[in-house]
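Colleague: Got a structure here, written out as structure tokens. Questions coming.
Laboratory data are not the source of any read-out in this text; all were calculated from the coordinates shown. Note that the structure is predicted; figures quoted are calculated from it, not measured. Using ideal geometry, Cβ is built from the backbone for each residue, glycine included, and neighbour counts are taken over all protein chains shown.
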Amino acid sequence: MITIMRNTSNAMSEDSRAERKQASHQRILDAAARALRRAGYAGVGVADVMKEAGLTHGGFYAHFPSREALLAGALRHAGAESTGTLPQRVAERSKSRGISRLRALLDIYLSERHLASPESGCPVAALGSEMARQSDEVRSASCERVESLVKLVRDVLPAGIAPESAMAIASTMVGALQLARTLGDNARGKAVLAASRNALLQQYDTEETS
């Protein structure tokens with residue numbers, strides 16, 4: 001009986017340590033994802049990320065083998081944060097407003113809210129110009145995010161629109177958001193979003209809405 005109790009205690013202790021490590025890992029990814037979208041790849045420093053996560057610098061290698069692994073993980077995490085609930089949001093907006101899913105996606109992505117929120121927004125738009133110059137590991141994660149965005153667009157295309165149009169639409173969405181942020185969260189930036197949104201809708205939104 002004593003042996004069983006000790007084994008149970010050890011198992012509970014191991015589970016507790018695993019849970020604490022997972023929680024710490026999550027805090028690191030949260031901090032790194034924010035830093036990545038805020039300051040770009042070069043702006044993600046291990047020491048700063050660990051400090052923001054409330055952890056010591058020395059504990060970093062218990063979670064990641066290298067800074068490159070952190071960047072790749074942070075990029076995937078940022079993508080999951082920004083697009084994880086997007087299909088549901090698109091579906092809800094489409095149904096509640098009687099508009100096509102493509103229009104709903106464009107309304108959300110090319111919005112003033114997204115313009116003003118790079119730290120919580122699409123990592124492709126935040127990092128697109130830097131992605132091609134990263135290591136193979138980080139570029140691989142970058143390609144995943146680009147492909148995920150294109151798939152998201154492809155899934156909401158109206159009937160009769162060629163699937164390959166998703167690449168052109170996604171490219172316009174990302175480019176418009178980048179240009180708008182360059183101009184700023186002001187009338188000029190918002191005008192870029194509105195013009196791009198309207199141009200895409202005129203060309204691709206063929207669905208009848210109610």
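Colleague: From the Cα gyration tensor of region 130-210, with a ≥ b ≥ c the square roots of its eigenvalues, which class applies: rounded if a/c is under 1.5, or else prolate if a/b is larger than b/c, or else oblate? Intermediate values should be presented prior to the final figure.
Modeller: On the way: a/c = 3.21, a/b = 1.18, b/c = 2.71.
Because a/c hits 1.5 or more and a/b fails to exceed b/c, region 130-210 counts as oblate.
Colleague: Determine which aspartates and glutamates satisfy two conditions relative to Lys51: a Cα distance under 13 Å, and not lying fewer than 8 residues away in the same chain.
Modeller: Asp30
Colleague: Still on this structure: Using Cα springs under 10 Å in a Gaussian network model of the chain, which residue among Ala104, Ala62, Ala176 shows the largest mean-square fluctuation?
Modeller: In this elastic network of the chain, the residue with the biggest mean-square fluctuation among Ala104, Ala62, Ala176 is Ala62.
Colleague: Right, something else. Among rounded, prolate and oblate, which fits the chain when a ≥ b ≥ c are the square roots of the eigenvalues of its C-alpha gyration tensor, a/c under 1.5 means rounded, and a/b larger than b/c means prolate? Show your work: numbers first, answer last.
Modeller: Values: a/c = 2.64, a/b = 1.81, b/c = 1.46.
Note, shape of the chain comes out prolate.
Colleague: Can you tell me the orientation of helix 187-204 relative to the chain, as the angle in degrees between its alpha-carbon axis and the longest Cα principal axis, to the nearest 10?
Modeller: 70 degrees
Colleague: What's the longest bit of the chain with no exposed GluC sites (Glu not before Pro), using DSSP loop states and at most 12 other Cβ atoms within 10 Å as the test? Intermediate values should be presented prior to the final figure.
Modeller: Numbers: sites that count: Glu164, Glu208.
Here the longest run is 1-163.
Colleague: Okay, next question. Can you give the FRET efficiency for Asn186 and Ser16, using 1/(1 + (r/R0)^6), R0 = 45 Å, r = Cβ-Cβ distance, to the nearest 0.05?
Modeller: On the way: r = 50 Å, r/R0 = 1.11.
Using R0 = 45 Å, I get an efficiency of 0.35.
Colleague: Set the Förster distance to 25 Å, then compute FRET efficiency between Ala116 and Ala162 from the Cβ-Cβ distance, nearest 0.05.
Modeller: Details: r = 33 Å, r/R0 = 1.33.
About 0.15, to the nearest 0.05.
Colleague: Specify whether the C-alpha gyration tensor of region 80-204 places it in the rounded, prolate or oblate class, a ≥ b ≥ c being the square roots of the eigenvalues: rounded for a/c under 1.5, otherwise prolate if a/b is larger than b/c and oblate if not.
Modeller: Values: a/c = 1.59, a/b = 1.20, b/c = 1.32.
It comes out oblate by the Cα gyration axes.
Colleague: May I pose another question? Taking Cα pairs under 8 Å and at least six residues apart, what relative contact order does the chain come out at, in percent?
Modeller: Values: 214 pairs, mean separation 44.2, N = 210.
Result for the chain is 21 percent.
Colleague: For the chain, with a Gaussian network of springs between Cα atoms less than 10 Å apart, report the residue from Ser24, Ser135, Ser100 with the top mean-square fluctuation.
Modeller: For the chain, modelled as a Gaussian network with Cα springs under 10 Å, the answer is Ser135.
Colleague: So, counting K/R as plus one and D/E as minus one, what does the shell of residues with Cβ under 14 Å around Asp30 add up to?
Modeller: On the way: positive: Arg27, Arg34, Arg37, Arg38, Lys51, Arg76; negative: Asp48, Glu52, Glu81, Glu119.
After counting each charged neighbour, the total is +2.
Colleague: Between Gly73, Gly160, Gly40, which gets the highest mean-square fluctuation from a Gaussian network model of the chain, Cα cutoff 10 Å?
Modeller: The residue that fluctuates most here is Gly160.
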